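Novice: Let me give you the structure first, and then I'll get to my questions.
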Amino acid sequence: MNKLLEFAAANPYLLTGTVLMLIAVAAFELRLRARAAFEVSVAEAIRMMNNGATVVDVRDATRFATGHIVGAVNIPPTELAKGEEGKIKKKRAVVVVCDSGSESIQSARKLRAAGFDGAFSLGGGLDGWQRENQPVVSPRR
């Protein structure tokens, strides 16, 4: 124990760096675990959709028109904030989608706060959906 205290006294920068790295790793892990409570994988989203979940695309109308998941409803985050979630049923599961998953997780949190206990964000967003080679409705050319 004496040698450990001696080492710490002789290397304060190394000790400080180690402690800061441990704090950063712990914060990152806690953030990932908190996010996991609101996020589902593509496979889980498909299972939910097959069981009647509503897909809510929170991208703006122009990006929605370029391509979206089959059966998705377009409700931008600004409309969700205004209380436009009346377009979806509270008793159904809801999969919220954006381009990368960052906007949709915030919208899923807002929906949960509004009483939608089955609201989840699609992990990776529409990009993750397409990486898994899942179908997207896009305009004809």
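Any read-out appearing in this document is the output of simple, stated calculations on the displayed coordinates, not a laboratory observation. Fair warning: this is a prediction, and the values are worked out from it, not measured in the lab. Reconstructed Cβ throughout: ideal geometry from the backbone, glycine too, with neighbour counts over all protein chains shown.
Novice: How much length is gained if the chain between Ser138 and Ala61 is pulled fully straight, taking 0.36 nm per residue apart and subtracting their Cα-Cα distance, in nm to one decimal?
Specialist: Result: 26.4 nm gained on full extension.
Novice: Percent of Cα-Cα pairs per 5 Å bin, from 0 to the last occupied bin, for the chain, please list those.
Specialist: All Cα pairs, binned at 5 Å, distribute as 2, 10, 17, 18, 14, 9, 5, 5, 4, 5, 5, 4, 2, 0, 0 percent.
Novice: Work out from phi, with θ = phi - 60° and the Karplus expression 6.51 cos²θ - 1.76 cosθ + 1.60, the ³J(HN,Hα) of each residue of region 43-60, listed in order in whole Hz, and give x for Gly and Pro.
Specialist: 4, 5, 4, 4, 4, 5, 5, 5, 9, x, 5, 8, 9, 10, 9, 9, 6, 5
Novice: For Ser41, what is the net charge nearby, where nearby means another residue's Cβ is under 10 Å from its Cβ and Lys, Arg count +1, Asp, Glu -1?
Specialist: Cβ neighbours under 10 Å give a net charge of -2.
Novice: How high is the relative contact order of the chain, in percent, counting Cα pairs under 8 Å that sit 6 or more residues apart?
Specialist: Once normalised by length, the contact order is 25 percent.
Novice: Around Ser121, which amide H atoms from residues at least 5 apart in sequence, or from another chain, sit under 5 Å from its own amide H, with H modelled in the peptide plane?
Specialist: Excluding prolines and chain starts, which carry no amide H, the hits are Glu39, Val40, Val96.
Novice: Return the distance in nm (one decimal) between the two label points of a simple spin-label model at Arg33 and Ala9, each offset 7 Å from Cα along Cα→Cβ.
Specialist: For Arg33 paired with Ala9, the spin-label model returns 3.6 nm.
Novice: Could you list which residues have their amide H under 5 Å from that of Val73, counting only those 5 or more apart in sequence or on another chain, with H placed in the peptide plane?
Specialist: Those lying under 5 Å, H to H, from Val73 are Val55, Val56, Asp57.
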